[in-house]
Each structure stands twice: as C-alpha cells, then as structure tokens.
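*Asks:* Provided herewith is a single structure, encoded as structure tokens, for subsequent inquiry.
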Amino acid sequence: APEVLIPGLCFRVVKFRRTGESARSDEDGISGEHEVHIEGVRTDLEPVELEDGAAVPKEFANPTDDTFMVEDAVEAIGFGKFQWKLSVITGLAWANAMEMMILSILAPQLHCEWRLPSWQVALLTSVVFVGMMSSSTLWGNISDQYGRKTGLKISVLWTLYYGILSGFAPVYSWILVLRGLVGFGIGGVPQSVTLYAEFLPMKARAKCILLIEVFWALGTVFEVLLAVLVMPTLGWRWLLILSALPLLLFAGLCFWLPESARYDVLSGNQEKALATLKRIATDNGAPMPLGKLVVSRQEDRGKMRDLFTPHFRWTTLLLWFIWFSNAFSYYGLVLLTTEFFQAGDVCSISSRRQEVQAKCSLTCEYLTEEDYTDLLWTTLSEFPGVLVTLWVIDRIGRKKTMALSFLVFSFCSLLLFLCVGRNVLTVLLFIARAFISGGFQAAYVYTPEVYPTATRALGLGTCSGMARVGALITPFIAQVMLESSVYLTLVVYSGCCLLAALASCFLPIETKGRGLQESSHKEWGQEMVGRGSHSPGESQE
C-alpha cells in the first residue's frame, strides 16, 4: 500500500479500505488500501483493528484522499435523525397494504350486495393486479429516468385519487375500472424502497428496510379494524374512502422528501447531490467526508437490456420467479383465509360450496364478527414475520432467508390437508402468513441491493410486475379452483413455494454485507466490499 508522509512526524495511525473509487485511483492505479504515517510525536500506538461489519470511524473518513463517492458519504454520516424521518414518510406510502387487504373484505360484501357470481368476484380482485402488473415496469423506468422522488409522488397521488373515487362507483363496471386504476398507481409504490435504500448505510440497510415493512403490517391490521368499525354502520363505500388516509398523509408530507443523491450523481447533478448529502449530515449532526464528491460515469438509465447482461441474466430470471411465487402465495393465503373461516374448517369447505350453490342464487354470507376477529389474528402474524426475518437475514443471508420462508409456508400448506378444527386452522394460517410475508420482505431487501443504481428502480419494478402476475392469477386458484377441490388448491400453492425455495438457493449473488453497486460497468460489489467482513479475493457467490 502507498504511504502518505507528513514531514516531522512518524507513526502509523490507521489502516483502512476505501469504500468507493476516486478519480485519482483510476489514473494512478493506486490500490484501495492506504496507510497514514505521522512522524515525530509518538511511536507506541498499535494499528487499529475494526470488528466485523464495523464502519470506519467518522474521524478517519477519507483522511488521505481528496475525493469521495456517495457511498463514502452515506457510510461516514451514518444513520440518524434524517433516516428516521424518511422511514416514517416512506412508510406511509408503504401502508398502501390497506388498498390490498380491502380486497378480501370487499369481495364477499359485493357478492352479497350486487349478487355477483364467483368469477366476477375473482375478477374484481384480479383487475387490481392487472393494473399493478401493467404499471410496475413503467414506474421503475420513470424512477430511473426522472428520479425516485418523481416516480413515487406521482404514483401515490394517482392511487389516492382513484382510491377515493372508487367509493362513489354506482355499478360493478365502474368499480372494476376504478380499482384497476388504483392498481395502476399501486404498481409504483414499491419505488419507496428504492429511494429509502439509497439513503441507508450498509450496516443498517437490511434492518431498516424490514422495519418499514412494519408499515405494511400496520396497514393490514388497521384495515381490518377499520372494517369492523365502518362496515356495520357506514358500509363499504366509506371503507374505501377512509382506506386512503395514509396516502393522504404522505401527499401532505412528500414535499420534504429529497431526491436520491445516488441518482443525482449518476444523472450528472453533482451540486444537487452534494447539497442533499450536506442536508443529511446537518440533520444527523455528523461531519461530511473530506474532499470533493466524485461524479460517476453517466450511463443510460432504465434500460431493460441491462437486466439481461451476462452478469445479471440468471439473477433477473430467478428473481422474477421468486417474486411471482411470493405474491401468488401471499395473496392466495389472504383470500383463502376468508374462505376457510366462512366454512369453519378445511374439510367442509367443498361440501359447503355445493350446498350454497344448490340454494337460491341470491343466498350469500356476509363476514361475521368472528370472521373479522380471526382475520385480525392472522393479519397480526405479519409482525412476528418481520421479527423472524429481522433476526435471521443478517445471520444466514438473504438467499437462505427467502428459501426458509418458502419451505415453512409449503409445510404449513400441506398440514392443511388434515381435517383440523378452527383453532388449529387459525394457528397454521398464522404461521404460514408470518413466513410468506417474511419472504416477501427479504426479497424487498435483496432486490435493490443486487442491481446497480442505473437499473435499480427498473429491476425492482420488473420484479414487482412479475409479482402482480402471480397476484393476478391467484384469485382464480383461491376462489374458483377452491370450489372444485380444496386439496388441489393447496397442492398448487405448496408446490409453487417449493420451487421458489430452490430458486432462492440458486441465486448467484449473496448481498449480505455488501454495498450498493453504483455502476453497471464494474463487477458486482467492486465499489464496496463489506467492511472487515470480506476480503477482496473472497467469492461473491
């Protein structure tokens, strides 16, 4: 490693590895390791050893370099007040889970009130996912081309507008169109994770992304509680209107959101990126790194072909299937929960369906207070799902966490073959939902980490789009196929998750302990290897 000498002084203070590249490193071929030598004061100090995963102390941030990258600044500034505020605001956007949870509550209500056949009820659910599927890639492209903040704000305001309008739908065709437009807006909400992840230091990234998933769980619980209060008195129209409250709060607070500094640097807005980083440092009460911010090589952003380069092709295809399976299974379980609770147990569900069909076509069943109570219990499983994922994801890695979640869900699905009573049914559904939601959360951590900044939003958007394909299909399995065979339905969900567990294991890159890649022209992880936890020659598999 090169030595930096200061006349008159002579002892080593610290040895460290740079987190990013500098312009000078490219020109001189200087390696990433530097030693600072100071002469003439003391000679009895030992080299500083950093613990695994520990960040370089702020006082030693770039002590010998005159340049730094956004990654360096984010790591040096650390996690603080700015990130806490960002967590709450992006979390409000993430509470759009209310718009998804309402599907399982709205379906039986409209089936009774408008006398809808089962295929129309399933279509009402699927049209939301059609909108999400058709827009997810578009929102990702907008976020890569015009900024994360721009894409997120437009999508949330779109969802808010059409969500409120849905409450005024006079007939089935109107609500079908309006809910499809709501789905179109929801397709852009996952970009909140892209924006959020790009402001997080490496050590806190997985935990923080998982913690904003708590807002998803809070949204689902709040939706059930809101339904208990609103449905018996005000009806489903007011439930649709009031479910837009978190997005309304986000719309009022989104003026505070900054644009991603990583995006600004990549698009050539160096001054804007620097101003954002100084704002974060001021909020957190931390010093900025020394030197000048390096402007990354400007690239074409949001290009689909970049997802299928030799380095990312296999990762992209496997991730698409993993996201498909996550949504297919998660939303399938949400819909199955309502069906199972109305039937009382698994074994009587087919006979109950036949009895209902034999009766007058006007016969239907509203959700009872007991149904809402059990629905609330299974919804609460999202919280232990977050906690389990939070505990294991930095211990066993992202890939194994996703595989574990799929395996447990598959096992619980197979146990439903037994003629269990309502209490055991509730426990199995609780465990299954906890783990499949945990797997979904792990995918939201892994995906932004594995793609470079130029295609990060697009990569997340296409994965989200594939998830909506799974969610689009699942109502016809959980509501239509269920009428023919409950066991075949369970086999479909269990088999899909077993395949997804294998796909998780075959992902070529493990992102645990790695920094976010800035440029698609570098080998993955070149810009930042986990501090103290990986050596340069360590495999990235």
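*Asks:* Can you list residues from other chains, or at least 5 along the same chain, whose modelled amide H is less than 5 Å from the amide H of Phe68?
*Replies:* Correct list: Lys292, Leu293, Val294.
*Asks:* List the pairs from Lys272/Lys292; Lys203/Lys278; Lys207/Lys292; Lys81/Lys278; Lys207/Lys272; Lys278/Lys512 whose alpha-carbon separation is above 24 Å, in the order I gave them.
*Replies:* Lys207/Lys292; Lys207/Lys272; Lys278/Lys512, as the Cα separations exceed 24 Å there.
*Asks:* Roughly how far apart, in whole Å, are the Cα centres of the range 68-113 and the range 141-179?
*Replies:* Rounded to whole Å, the Cα centres lie 16 Å apart.
*Asks:* What is the dipole size for the range 66-294, taken about its Cα centre, with +1 at each Lys and Arg Cβ and -1 at each Asp and Glu Cβ, in debye to the nearest 20?
*Replies:* 240
*Asks:* Give, as a single signed number, the net charge of other residues whose beta carbon lies under 15 Å from the beta carbon of Gly188, with Lys and Arg counted +1 and Asp and Glu -1.
*Replies:* Net of charged neighbours comes to +3.
*Asks:* Starting from the residue with the highest accessible area, list Arg115, Arg422, Arg456 in decreasing order, probe 1.4 Å.
*Replies:* Arg115, Arg422, Arg456
*Asks:* Using the alpha-carbon centroid of each, what span in Å lies between the range 211-262 and the range 460-513?
*Replies:* With the range 211-262 and the range 460-513 each reduced to a Cα centre, they are spaced 26 Å.
*Asks:* Further question: Just read off the accessible area of Met69 with the full protein assembly in place, 1.4 Å probe, to the nearest 10 Å².
*Replies:* Counting only protein heavy atoms, Met69 exposes about 10 Å² to solvent.
*Asks:* In addition: For Asp66, Asp283, give me the order by solvent-accessible area with a 1.4 Å probe, most accessible first, ignoring ligands, DNA and RNA.
*Replies:* The most accessible residue leads, giving Asp66, Asp283.
*Asks:* Further question on the same structure: Given the Cα-Cα distance of Lys272 and Leu157 and 0.36 nm per residue of separation, how much length would full extension add, in nm?
*Replies:* Using 0.36 nm per residue and subtracting the Cα-Cα distance, I get 38.9 nm.
*Asks:* Further, regarding this structure: Taking a 1.4 Å probe, which of Phe440, Phe411, Phe308 shows the most accessible area, and what order do the others take after it?
*Replies:* The most accessible residue leads, giving Phe411, Phe308, Phe440.
*Asks:* Separate question: Add +1 for every Lys or Arg and -1 for every Asp or Glu among the other residues with Cβ under 13 Å from the Cβ of Trp256, and state the total.
*Replies:* +3
The values are calculated or read from the model by the stated rules, or taken from the named source; none is laboratory data. Since the model is a prediction, treat every value here as computed from it, not as a measurement. Methodologically, a virtual Cβ is constructed for each residue, glycine included, from the backbone with ideal geometry; neighbour enumeration extends over all protein chains shown. Just the protein is used for accessible areas: all its heavy atoms, side chains included, with ligands, DNA and RNA removed. Shrake-Rupley method; radii C 1.70, N 1.55, O 1.52, S 1.80 Å.
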